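The values are calculated or read from the model by the stated rules, or taken from the named source; none is laboratory data. Being a predicted model, the structure only gives us computed values, none of them experimental. With ideal geometry, Cβ positions are generated from the backbone for all residues, glycine too; neighbour counts draw on all protein chains shown.
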């Protein structure tokens, strides 16, 4: 497991307040959150370059830049629209990934990020 993956795991298990306290003590800014284009939760953490090809923990979509339902994702092997429909049905971008996902954290919801 890479350092980035370990750090992401630790941060994902912290509350937003704990994260804010940690970053304040370390004298760094809270990382920017981006919305997953499949599930709509703010699970992608970092700048645009850092989140390229990150995998969403809530729906398992690989962030490859698709933005429209008809956009075909070569790394996800489906259109974004198909993945969104699968998320509504299975809680993941595809049925096989359903065992790898988790529930969204409260601070990943739209009301905390818009």
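I'd like to know if region 92-100 contains one or more residues that are at pLDDT below 95, more than 10 Å from residue 60 (Cα to Cα), touching a helix residue (DSSP H, G or I) at 6+ places or on another chain (Cβ under 8 Å) and surrounded by 11 or more Cβ atoms within 10 Å (Cβ to Cβ). No - not one qualifying residue is present in region 92-100.
Considering only region 3-18, state which residues are free of Cβ contacts under 8 Å to residues at least 24 places away in the same chain, in a helix (DSSP H, G or I) and surrounded by 10 or more Cβ atoms within 10 Å (Cβ to Cβ).
4, 6, 7, 9, 10, 18
Out of 70, 103, I need the residue that is exposed (fewer than 14 other Cβ atoms within 10 Å of the Cβ), assigned to a loop (DSSP other than H, G, I, E, B) and in contact with a helix residue (DSSP H, G or I) (Cβ under 8 Å, 6 or more places away or on another chain). Which one?
Numbers: 103 fails: in contact with a helix residue (DSSP H, G or I) (Cβ under 8 Å, 6 or more places away or on another chain).
Checking each option against the conditions leaves just 70.
Tell me, please, whether a residue that is in contact (Cβ under 8 Å) with a residue 12 or more places away in the chain, touching a helix residue (DSSP H, G or I) at 6+ places or on another chain (Cβ under 9 Å), surrounded by 13 or more Cβ atoms within 10 Å (Cβ to Cβ) and part of a strand (DSSP E or B) can be found in region 42-59. Yes, there is a match, as at least one residue in region 42-59 is in contact (Cβ under 8 Å) with a residue 12 or more places away in the chain, touching a helix residue (DSSP H, G or I) at 6+ places or on another chain (Cβ under 9 Å), surrounded by 13 or more Cβ atoms within 10 Å (Cβ to Cβ) and part of a strand (DSSP E or B). For the structure I just gave you, tell me whether residue 76 is without any contact (Cβ under 8 Å) to a residue 24 or more places away in the chain, farther than 18 Å from residue 4 by Cα and buried (at least 19 other Cβ atoms within 10 Å of the Cβ). Yes, satisfied.
Scanning region 45-56 for residues that are within 8 Å of the chain's Cα centre (by Cα) and over 19 Å from residue 78 (Cβ atoms) yields one hit, 45. Give region 73-96 a look and list any residue that's closer than 15 Å to residue 41 by Cβ and either touching a strand residue (DSSP E or B) at 6+ places or on another chain (Cβ under 6 Å) or assigned to a loop (DSSP other than H, G, I, E, B) (or both), or say none. Correct list: 91, 92, 93.
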